[in-house]
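Notes follow the structure.
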Amino acid sequence: MNEYILSLINTLFESHSMTLEQYRALIDARCVATAALLAEKAAAVRKSIYGNNVYVRGLIEVSNICKNDCLYCGIRRSNRNCDRYRLSKEQIMECAAEGYRLGFRTFVLQGGEDTYYTDDVLCDIVTDIKSQYPDCAVTLSMGERSRESYASLRMAGADRYLLRHETADKVHYESLHPVEMSFDNRMRCLHDLRELGYQVGCGVMVGSPNQTAETLAEDLKFIEEFKPDMCGIGPFVPHKDTPFRDHPAGTVELTCYLLSIIRLIHPPVLLPATTALGTIHPEGREMGIQSGANVVMPNLSPVSVRKKYELYDNKICTGEESAQCKDCLSARMESVGYRIVTDRGDIKK
Ligand code: SAM
Ligand code: FES
């Protein structure tokens, strides 16, 4: 590692900010030694804020019906081979009850952009979860909606919202999405959510088609400026029924490298070691935690629908019961010196 790269890492560690050019240089300088140094600093920073605690979020995949046609996504509307489902409110409440018993204090409701989930339907579900489990946080990840819709859901009690920006480069964004979707609307959503008082999560897929060191540098600059409360960074994994079926998956190395950089950019950020990372490597989630992540999201969806929420090929955890997933992740975290805690797991600012 040369002096220049070492000085960049120190700049990042001390000032949490770099120029686009510096981010690009740091990405291009990726090697075993740079990755190890970044991971060591990221782990120390994370430890100073969160100790050895890892937060868990119970992920409930409410529907795989989607009006969008994102080119990378296995549940895109043009995929005729996707066996569609939608959970009833009762099923969602059962998942939450099971999650609560297992010690989860955050529920993430994620789904395709299914028009069945009008504001009335979704607000009703959020209100019920919050009234039955007032000590829990509700996170929504239901895609792009109007500002009014986000305001109603917030009023109903939703605490957090995950909406990956996917890429901070408009041209790159347009290469991943059909013409009817717009980069500007994605950004509008993120800013509305922030203004409405949500804890907001953005994020990208690592190794998505047409991604370059330049577009990743733009992502890092965006994260530096937006300062998200949460940031979903996971590898792109191809799905056999999408236009990107032949594109290679992102790598564990680059994903972990970016997790470390993001921890240094925004020390308190809640950073999951994603299921996609566990899919491309058997110890991917452990490696993510060791690189600076501090959140895991075991699946709470009914086992009967798990396989159907297939965003990418060979997704893990589709056969296990929720309790098995929770136990499996606890053991995995302990194997690398961390522990899962029963906590809402809000960002520590
Ligand atoms: N509809 C909501 C939205 O757009 O935010 C939530 C569901 S969407 C499937 C959740 C995330 O899955 C996306 O933001 C995307 O980054 C990720 N995803 C989709 N297809 C993927 C793939 N092939 N590999 C890895 N991640 C993928
Ligand atoms: Fe689901 Fe290991 S986390 S089986």
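Computed values, structure above
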{"read-out": "For the range 263-296 versus the range 138-185, the gap between their alpha-carbon centres in whole angstrom", "value": "22"}
{"read-out": "The chain: relative contact order in percent, alpha carbon pairs under 8 Å with at least 6 residues between", "value": "25"}
{"read-out": "Charge dipole magnitude, Cβ of K and R +1, D and E -1 - the range 211-308, Cα centre, debye nearest 20", "value": "500"}
{"read-out": "Kirkwood Rh in Å, taken over the range 175-264 so that all alpha-carbon pairs contribute", "value": "14.4"}
{"read-out": "Relative contact order computed over the range 182-309 (Cα-Cα under 8 Å; 6+ residues apart), in percent", "value": "21"}
{"read-out": "The chain, helix-only ellipticity at 222 nm - DSSP H runs n ≥ 4, -39,500 (n - 2.57), divided by all residues, nearest 500", "value": "-13500 deg cm²/dmol"}
{"read-out": "Cross-link partners of LYS41 among aspartates and glutamates (Cα-Cα below 16 Å; sequence separation of 8 or more within a chain)", "value": "GLU14"}
{"read-out": "Surface share of carbon and sulfur [accessible, 1.4 angstrom probe, percent] for the range 138-208", "value": "56"}
{"read-out": "Per residue value of the accessible surface for the chain (all protein chains in place, 1.4 Å probe), Å²", "value": "39"}
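The values are calculated or read from the model by the stated rules, or taken from the named source; none is laboratory data. Note that the structure is a prediction, hence the values are computed from the model and not measured. Ideal geometry is used to build each Cβ from the backbone, glycine not excepted, and the neighbour counts take in all protein chains shown. To get the accessible areas, we keep the full protein, side chains included, count just its heavy atoms, and leave off ligands, DNA and RNA. Shrake-Rupley method; radii C 1.70, N 1.55, O 1.52, S 1.80 Å.
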